[in-house]
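The values are calculated or read from the model by the stated rules, or taken from the named source; none is laboratory data. What you are looking at is a predicted structure, and each value in this text was computed from that prediction instead of being measured. Here the Cβ positions follow ideal geometry from the backbone for every residue, glycine too, while neighbour counts run over all protein chains shown. The protein model used for the area step is the full one, side chains on, heavy atoms only, and it has no ligands, DNA or RNA in it. Shrake-Rupley method; radii C 1.70, N 1.55, O 1.52, S 1.80 Å.
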Amino acid sequence: MKAATVEVVKDLLGAQWVQSLITIVIAFLLWRLSIAGITKFYARRFVSRFIPRVPTYASITKSIVGALIWVAAIIELLHIWKADVTPALWSAGLFSVVIAIGAQATVRDLLTGAFFLFEDAFDIGDGVELTTTNGVVTGLVEAVNLRETRVVDSRGYLVSIPNGSIVFVANTTRLPARHAMRITLPLRTDVSTLRQRVTEIVNEAVRSSDFGIGAAAVRLEDIAPDSVSFSIDFQVPRQHAIEAESTLRERIVAKLQADGLLPGGQMDQK
């Protein structure tokens, strides 16, 4: 009885439809585990330090891994059912030639999209101005993949742009923002000496900043019998503009107060 049961189990497991079902289940489990693993990997903090386009690369990685798993599953299913794929491969070869001739635009989109990804021209959430073969599209990047870029324009429309049609890219989010601060100090010494000291303090504050602030320029703006006003102009990456300006302002004021140059001075933004 036991031997008969073992034979039945062997015959059942040897059945093609059972093997096919097992293959599909294994492929599905591998796919789900891979998706979970990729999501967890890209969610780690250290990854974002080395990969600036985490959402985009995570999506592409999931697509590639999923495609590889299901292609392997299809090949295994063909092997289980003992399908002779040689004639199909010959037909696929001829068919691929015909498709390749008509799919040049798609190939161009994919190659251009790959270049955009590796060059980090723009990312999801960036403001862009894209000059395409059909005109100029301005808005926020909603999604990026190898074939197309989706932008929400000023009217709120979602515009899908094939990457191969993009000629020029202007990333308005990464353009440096120019800021100016005005500082008024008591006139206790000659203007040249005061301006030189203010310049030294400003340059020291800029060098110690972690926000990528460009070189600052200090110029005399106004002078009165008992006070003098200087304008401090600097550039900073737009995404850090508010925090950088606040930090720079605080450091300049603290240093001026420490030097006794600003006991009751005032600082405001133009």
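Residue 134 versus residue 25, label points 7 Å from Cα toward the beta carbon: distance in nm? Spacing of the two 7 Å Cα→Cβ label points: 4.8 nm. Between the amide H of residue 126 and those of 141, distances stay under 5 Å, these residues lying 5 or more places away or on another chain, with hydrogens modeled in the peptide plane. Pairs of alpha carbons in segment 128-200 separated by more than 21 Å make up 49% of all such pairs.
For segment 165-173, putting each phi into the Karplus relation 6.51 cos²θ - 1.76 cosθ + 1.60 with θ = phi - 60° gives couplings of 8, 7, 9, 10, 10, 10, 8, 6, 5 Hz, in residue order, rounded to whole numbers and with x for Gly and Pro.
Which percent of the accessible heavy-atom area of segment 139-203 goes to carbon and sulfur, probe 1.4 angstrom?
Its accessible area is 53 percent carbon and sulfur atoms.
Taken one residue at a time, the phi angles of segment 220-226 give Karplus couplings (6.51, -1.76, 1.60, θ = phi - 60°) of 6, 10, 7, 9, 10, x, 10 Hz. Gly and Pro are set to x. As a rough guide to protection, the peptides 32-42, 126-136 ranked by mean Cβ packing within 10 Å, highest first, stand as 126-136, 32-42. Annotation: amide H of residue 227 within the under-5 Å range of 187, sequence separation 5 or more or interchain, hydrogens built in the peptide plane.
Listed values for segment 108-114 are Karplus-derived 3J(HN,Hα) couplings in whole Hz (6.51 cos²θ - 1.76 cosθ + 1.60, θ = phi - 60°), namely 5, 4, 5, 5, 5, x, 5, and x replaces Gly and Pro.
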